[in-house]
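All of the numbers you see were taken from the coordinates with simple rules; none came from a lab. Fair warning: this is a prediction, and the values are worked out from it, not measured in the lab. Note: ideal-geometry Cβ built from the backbone for every residue, glycine included; neighbour counts use all protein chains shown.
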Amino acid sequence: MTDERSSPVIALAGQPNVGKSTIFNWLTGLNQHVGNWPGKTIEQKIGTFTHNGRQYTVVDLPGTYSLTANSEEERITRDYILRERPDVVVAVADAAVLERSLYLLTELIALPVPIILVLNMMDVAEHEGIQIEPKVLQAALGIPVVPMSATHGVGMDRLLSTIEATVDGRIPYTPSRPHISPEHQEVAEKLKAIVAPILPDLYPPDWVALKLLEGDGEMIALVRERLSPEQWKAVDALLYRHEDAVLDIASARYAWIERMIRAAVTRPRVGQVSFTGRLDNVLTHPLWGMLILLAVLGGVFWLTYTIGAPLQGWMGDWAQKLAGLSRQQLAAAPPWLTALIADGLIGGVGLVITFLPILIIFFAVMAVLEDTGYMARIAYLTDRFMHAMGLHGKSFIPLLLGFGCNVPAVLGTRIIETKRARLLTILLAPLVPCTARMAVITVLTPLFFHSYAPLIAWGLVTMNVIVLALLGILLHRLLFHGEQASFIMELPLYHLPNLRTIGLYVWQNLLAFLQKAGSTILLVSLLVWALAYFPGGVQSESYLVAFGHALEPLGRLMGLSWQALTALLTSFVAKENTIATLGILYGSDLAAALPHSLSPASALAFLVVQMLFVPCAATVAVIRQEAGNRWALFSVALLLFISVLAGILVYQLGAVLGLG
């Protein structure tokens with residue numbers, strides 16, 4: 001295929017949690033872009049790298065356990081390989097759990113594309129007491145085998161040279177493939193003879209025959225529509241008589257895996273507890289595990305404030321100096337233009353950009369938790385609580401995404417099979433504090449509560465989790481009639497984080513944030529400034545003040561000024577607009593203005609409402625797309641009611657305690 005392309009195409013395939021993304025990041029660095037597969041919500045990552053003067057294109061396929069069309073990930077992976085025919089497929093396996101990782105290889109190796117097997121996490125396998133001989137495994141498989149520890153970049157040069165040699169055809173490729181029993185092989189040959197004349201060139205007949213025996217719905221539909229009724233009747237009869245073939249095919253694959261690794265893998269002696277096992281005895285313990293989890297979350301906020309807050313303050317000082325300098329330079333310009341630049345641009349977007357240090361720390365910590373394997377333990381520890389809401393670990397996965405952004409959290413509910421569980425997860429997702437909400441909280445809490453800021457932030461996140469759980473239980477019992485579900489959760493082995501992967505994760509998230517600041521936040525900041533400036537250039541007589549004053553009766557119940565209420569309303573477009581709006585209405589020196597404007601009780605009520613308030617417009621739009629208009633309106637009304645009620649209760653209780 002290289003003759004028809006500007007550069008050879010390398011596809012990365014593998015099961016989840018095998019280090020595929022780490023290898024992709026090592027190969028491509030910053031030469032990558034992220035989007036969605038055409039017509040899908042699943043992420044598509046494509047990048048390029050150059051080796052020995054030749055440029056290669058790398059496609060990171062979705063993580064999948066097999067190539068049977070039971071999920072979008074499986075369909076995307078197999079359709080890409082079959083239709084696009086990459087020059088090489090790099091199959092990434094976790095060396096520490098090789099038997100499980102090789103199951104996907106049994107299907108990939110049946111496709112008409114050269115395969116390179118990467119044994120990733122060799123260091124983790126060795127730490128677990130597992131010894132692997134790559135040369136022995138390569139001789140058994142008949143395909144190139146590359147041992148790697150991608151987190152340290154070990155084996156990367158060998159992978160590059162193997163890719164180059166495979167593309168150029170300089171490495172012998174004689175793959176050993178699984179064989180099913182003679183009885184079912186005979187049936188497969190009959191099916192192959194029937195379907196071969198009618199299949200598109202993209203589909204290998206022997207592979208389609210096996211998929212028919214496995215009961216693959218997509219292949220059955222493809223063959224059925226291309227055969228005459230009489231031919232399909234014959235095929236259907238064969239499949240009916242050999243329904244047990246699917247078990248034989250799976251057994252043949254596992255037996256093949258056992259033969260391939262028999263001489264190449266030495267396992268630890270029976271009874272020896274692995275490193276991961278020793279850690280999980282503590283980290284997944286019902287009591288100690290939860291205490292450690294709470295401590296980890298508390299540590300995240302402490303680290304964010306201890307390092308990030310001083311840097312944010314330093315950048316804020318520079319933003320004020322820049323605003324003052326712009327006023328001096330534009331002294332001769334029309335007053336509205338001076339105000340637009342100094343207050344609208346610098347006071348709005350400029351102030352938002354000052355909390356980049358806090359975001360860098362937060363993103364980096366989240367990446368470390370994910371890369372070490374601890375994020376999966378968080379899912380495991382919380383699974384038992386999910387059952388009280390009629391949910392399970394599959395629901396927790398999209399909810400976990402919500403800590404990054406509520407939009408992918410809602411879209412991620414597509415992995416949930418039952419409609420009721422999916423809808424309930426969608427309704428709960430906006431209560432997960434996303435990074436935008438957290439960014440606002442991390443900026444405002446030090447202004448109000450100083451040294452107590454980490455404790456307040458920790459309490460606000462805990463409050464959201466408690467409200468989410470209570471609301472989930474209530475909705476589960478009242479609207480969804482106690483429906484229960486269960487699933488099996490996979491825990492990856494622990495391993496050291498990869499600094500390069502973490503750096504790219506932080507960079508990509510910061511870039512997305514800056515793009516947001518340069519578009520949505522900029523537009524809203526200018527709109528808020530215009531409402532605060534016009535019609536006469538005096539803020540006290542502006543449109544925004546008139547609108548804010550109309551809400552004052554509601555604000556008094558929560559101890560909130562009209563400025564605070566207006567900031568909450570503008571957060572509907574983007575949560576970061578809370579800071580931008582406050583910066584415009586109070587001036588760029590928020591540290592001095594806010595504590596005098598809101599009492600401790602009012603400040604706490606404001607933060608509580610901010611955490612529970614209606615999500616951003618993008619999240620509401622996705623809820624409407626996934627659940628329909630009725631449930632989107634229900635979600636907005638429910639969260640508006642909960643947030644306002646919570647704000648009133650917090651302020652009134654604070655006033656009783658003398659904090660008002």
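For Glu43 and Arg85, what does the FRET efficiency come to when R0 = 22 Å and r is the distance between their Cβ atoms, rounded to the nearest 0.05?
0.50
Return, for the Cα atoms of segment 564-620, the radius of gyration and Dmax in Å, separated by a comma.
Spelled out, the Cα radius of gyration and Dmax of segment 564-620 are 11.5, 34 Å.
Amide H to amide H under 5 Å from Val118: which residues, 5+ apart in sequence or cross-chain, H placed 1.01 Å off N in plane?
Here Ala91, Val92, Ala93, Val146 satisfy the definition.
Counting only DSSP beta bridges with both residues in the chain, what percent are antiparallel, rounded to the nearest 5?
Among the beta bridges of the chain, antiparallel pairing accounts for roughly 45 percent.
With θ taken as phi - 60° and the coefficients 6.51, -1.76 and 1.60, list the Karplus ³J(HN,Hα) couplings across segment 460-468 in order, rounded to whole Hz; mark glycine and proline as x.
5, 5, 4, 4, 4, 5, 5, 4, 4
Each label point is 7 Å from the Cα along the Cα-to-Cβ direction; what then is the distance between the points at Leu510 and Ala621, in nm?
2.7 nm
Spin-label point model (7 Å from Cα, Cβ direction): what's the Leu279 to Leu455 distance in nm?
About 3.2 nm separates the two model spin labels.
Stretched out fully, how many nm does the piece from Leu523 to Arg327 gain, at 0.36 nm a residue minus the Cα gap?
68.4 nm
Compute the Kirkwood hydrodynamic radius of segment 289-656, taking the inverse of the mean of 1/r over all pairs of distinct Cα atoms, and give it in Å to one decimal.
21.4 Å
With r defined as the distance between the Cβ atoms of Asp244 and Ser7 and R0 fixed at 41 Å, what FRET efficiency is calculated, to the nearest 0.05?
E between Asp244 and Ser7, to the nearest 0.05, is 0.35.
Would you mind calculating the gained length between Thr462 and Leu554 on full extension (0.36 nm times residue separation, minus the Cα-Cα distance), in nm to one decimal?
30.5 nm
Please identify which residues in segment 57-87 have an amide N closer than 20 Å to a label point set 7 Å out from the Cα of Glu225, following the Cα→Cβ vector.
Within reach of a label on Glu225: 68-84.
Under 5 Å between amide hydrogens, which residues at least 5 positions from Thr64 or on another chain qualify, with H placed 1.01 Å from N in the peptide plane?
Here the answer is Gly14, Gln15, since their amide H atoms fall under 5 Å of that of Thr64.
What is the calculated FRET efficiency for Leu499 to Met290, with r their C-beta to C-beta distance and R₀ = 30 Å, to the nearest 0.05?
Calculated value: 0.55.
Of all the Cα-Cα pairs you can form in segment 150-291, what percent are over 25 Å apart?
Summing the P(r) tail past 25 Å for segment 150-291 gives 57 percent.
Whole angstrom only: what separates the Cα centroid of segment 108-158 from the Cα centroid of segment 229-288?
19 Å
Please state, as a whole number in µm²/s, the translational diffusion coefficient that the Stokes-Einstein equation yields for the chain at 20 °C and 1.002 mPa s, with Rh defined as the Kirkwood radius across alpha carbon pairs.
77 µm²/s
What are the residues whose amide H is under 5 Å from the amide H of Gly142, where those residues sit 5 or more places off or on another chain and H is modelled from the backbone?
Ser176
Residue by residue through segment 105-121, which ³J(HN,Hα) values in whole Hz follow from phi under the Karplus form 6.51 cos²θ - 1.76 cosθ + 1.60 (θ = phi - 60°), with glycine and proline marked x?
4, 4, 8, 5, 5, 7, 8, x, 9, x, 10, 10, 8, 9, 8, 7, 6
Which of Cys616, Cys434 has the fewest other C-beta atoms within 10 Å, and how do the rest follow up to the most?
Cys434, Cys616
How big is D, in µm² s⁻¹, for segment 182-266 by Stokes-Einstein at 10 °C and 1.306 mPa s if Rh is the Kirkwood radius over C-alpha pairs?
Answer, rounded: 115 µm²/s.
Sticking with the crude label model, points 7 Å out along Cα→Cβ, report the distance from Ala165 to Asp201 in nm, one decimal please.
Distance between the two pseudo-spin positions: 3.1 nm.
Once phi is turned into ³J(HN,Hα) by the Karplus curve 6.51 cos²θ - 1.76 cosθ + 1.60 with θ = phi - 60°, what whole-Hz value does each residue of segment 196-204 show in order, with x for glycine and proline?
Along segment 196-204, the couplings run 3, x, 10, 7, x, 4, 5, 9, x Hz.
Please report, in debye to the nearest 20, how large the charge dipole of the chain is about its Cα centre when each Lys and Arg carries +1 at its beta carbon and each Asp and Glu carries -1 there.
That gives the chain a dipole magnitude of about 940 debye.
Listed here are the pairs Lys211/Lys233; Lys192/Lys233; Lys190/Lys233; Lys135/Lys211; Lys45/Lys575; which of them are more than 24 Å apart at the Cα?
Lys135/Lys211; Lys45/Lys575
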